[in-house]
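Asker: Right, I'll just put the structure down here and ask away after.
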Amino acid sequence: AFMESSGNIKTMKSTTALNMSEKSSLPVFLDPGTKGGAIVLSLILFVIPILIYQVATGIFGVDEIEAGRDIGVGFSVITMLLWGSTYIFRVATKDMTYAKQLKDYEDAVIAKRLEELDEDEVQALVEDIEREQF
């Protein structure tokens with residue numbers, strides 16, 4: 001049982017290492033967590049209202065001042081709502097930096113305490129856990 005519990009320590013450490021090394025599946029130029037992604041996203045967000053303005057004034061013949069005002073306000077409101085919704089989603093899923101750091105710290109403390117226990121104490125803990133599972 002001691003070998004099993006020491007295997008659990010290794011599993012816990014490797015799981016924490018995997019969580020820390022998880023990378024986005026997006027290409028570098030689209031991942032907002034990278035410099036390239038931040039630049040590309042900024043350019044896209046800069047160009048979208050300009051394109052909408054060109055289409056509204058050129059193709060649909062909307063007054064230029066009204067189109068500029070409406071697109072400016074509309075784009076600002078929509079982007080703030082989208083940004084706010086991403087924050088609420090991260091809070092709801094506890095996908096925030098503080099929550100991740102706290103979980104990693106707690107895992108490290110538990111692993112360290114488990115390493116410091118004697119063989120008999122580890123055996124007793126394993127037996128307690130096995131009793132609780134059934």
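Asker: Give me the distance in nm between label points sitting 7 Å out from Cα along the Cα-to-Cβ direction at E116 and D104, one decimal.
Answerer: Between E116 and D104, the label points sit 2.2 nm apart.
Asker: May I pose another question? I'd like the carbon and sulfur percentage of the solvent accessible area for the stretch 25-134, probe radius 1.4 Å, heavy atoms only, ligands and nucleic acids excluded.
Answerer: 66
Asker: Which of T34, V55, A99 sits closest to the plus end of the dipole of the stretch 26-134, meaning its Cα is farthest towards the positive end, when Lys and Arg get +1 and Asp and Glu get -1 on the C-beta?
Answerer: V55
Asker: Which three lengths, in whole Å and largest first, does the stretch 36-134 cover when its Cα atoms are put on their principal axes?
Answerer: Sorted from largest, the Cα extents of the stretch 36-134 read 82, 31, 17 Å.
Asker: Sticking with this structure for a sec: Count neighbours as other Cβ atoms within 10 Å of each site's Cβ, and list the trypsin sites (Lys or Arg not before Pro) in the stretch 90-132 that are DSSP loop with at most 14 such neighbours.
Answerer: Passing both the DSSP loop test and the Cβ count: K94.
Asker: Under a crude label model (7 Å from the Cα following the beta-carbon direction), how far is V126 from R90 in nanometres?
Answerer: Here the answer is 4.1 nm between the modelled labels.
Asker: Leaving out same-chain residues fewer than 8 places away, which aspartates and glutamates sit with a Cα under 13 Å from that of K112?
Answerer: D104
Asker: Going by average Cβ neighbours within 10 Å, how do the peptides 72-81, 48-57 rank, with the highest at the top? If you can, show how the numbers build up before the last one.
Answerer: Details: 72-81: 11.4, 48-57: 14.2.
Averaged packing, sorted descending, gives the order 48-57, 72-81.
Asker: Same structure again: How large is the translational diffusion coefficient of the stretch 27-69 in µm² per second when you combine the Kirkwood radius over alpha carbon pairs with Stokes-Einstein at 10 °C and 1.306 mPa s?
Answerer: Here the translational diffusion coefficient equals 137 µm²/s.
The values are calculated or read from the model by the stated rules, or taken from the named source; none is laboratory data. All values reported here derive from a predicted model rather than from experimental measurement. Positions of Cβ are backbone-derived with ideal geometry, glycine not excepted, and every protein chain shown enters the neighbour counts. All accessible areas refer to the heavy atoms of the entire protein, side chains included, with ligands and DNA or RNA removed. Shrake-Rupley method; radii C 1.70, N 1.55, O 1.52, S 1.80 Å.
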